[in-house]
Amino acid sequence: MADETNIESEKSKKKGLSMPIIIAIIASGVILLVVVIIFVISIMFNNMKDSIIESSGQSKEKTVEKAEPKAESLDKFEYLETGRITTNPLASSQFVVLNLGIFYSPLKNNNKEEKAEASDPQLKTQRLNALIKHNVNSQVGDMDVMAFQIPRDSLAVKFKQKLEPAFKMEGYRIKEVIIIEFIIQ
């Protein structure tokens, strides 16, 4: 009889799972549950962030990669040199002397009447030169001497941005502005 009870107790012990296996199953279930919860929360926060941005009226800035325009030879553009422009910077007794070189071309309009009605090129050049000097003088007059020293490499870009409306008004587009001479006295 003792043999029968030993056999039955061994069979009953083998039917259940051991304690380490039960702990491993529970631990893996908890880890899986935590990963799923983190994933769901991150999706909810991203959606909530997008809806907050949309409701506040701000648009998400999407980075749109523009195709790089083909490198154009400067031979295709007209060149205008401003000559020396001398101006006082803001609140200074010093002078700034600038000489800019501008590469530009006519705007591409399909309106043939404007092309046929082209005015005197010398008169147009004089108007452009006057507009350039006015814009450069106002730009230099709005900056102090220290403002010229800090962004010295980006001055050509600033002058180009300042001159673009004047050139568009005359029917031209600016390709490049270069600084030929820059002196602070």
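Restricting attention to the range 141-167, the residues being β-branched (V, I, T) and over 23 Å from Y79 (Cα atoms) number 2. Does S138 meet the test of being small (G, A, S), under 16 Å from E78 (Cα atoms) and at pLDDT 70 or above? When the stated conditions are applied, S138 does not pass them.
Determine, yes or no, whether E170 is within 19 Å of F77 (Cβ to Cβ), surrounded by 13 or more Cβ atoms within 10 Å (Cβ to Cβ), at pLDDT below 85 and touching a Lys or Arg at 6+ places or on another chain (Cβ under 8 Å). Taking the combined requirement at face value, the residue satisfies it. Just so you know, in the range 144-185 the residues that are assigned to a strand (DSSP E or B) and not β-branched (V, I, T) include one that is farthest from L123 (Cα to Cα), and it is F182.
Looking at the range 125-143 only, could you name the residues that are open to solvent by less than 20 Å² (accessible area, probe 1.4 Å) and farther than 12 Å from F167 by Cβ? Answer for the range 125-143, where residues must be open to solvent by less than 20 Å² (accessible area, probe 1.4 Å) and farther than 12 Å from F167 by Cβ: V136, V140, M143.
Of everything in the range 82-124 that is aliphatic (A, V, I, L, M) and open to solvent by 20 Å² or more (accessible area, probe 1.4 Å), the residue that is modelled with the lowest pLDDT is A116.
The values are calculated or read from the model by the stated rules, or taken from the named source; none is laboratory data. Nothing here was measured: the structure is a model prediction, and the numbers come from that model. Cβ atoms come from the backbone with ideal geometry, glycine included; neighbour counts cover every protein chain shown. Note: areas computed on protein heavy atoms with side chains; ligands, DNA, RNA excluded. Shrake-Rupley method; radii C 1.70, N 1.55, O 1.52, S 1.80 Å.
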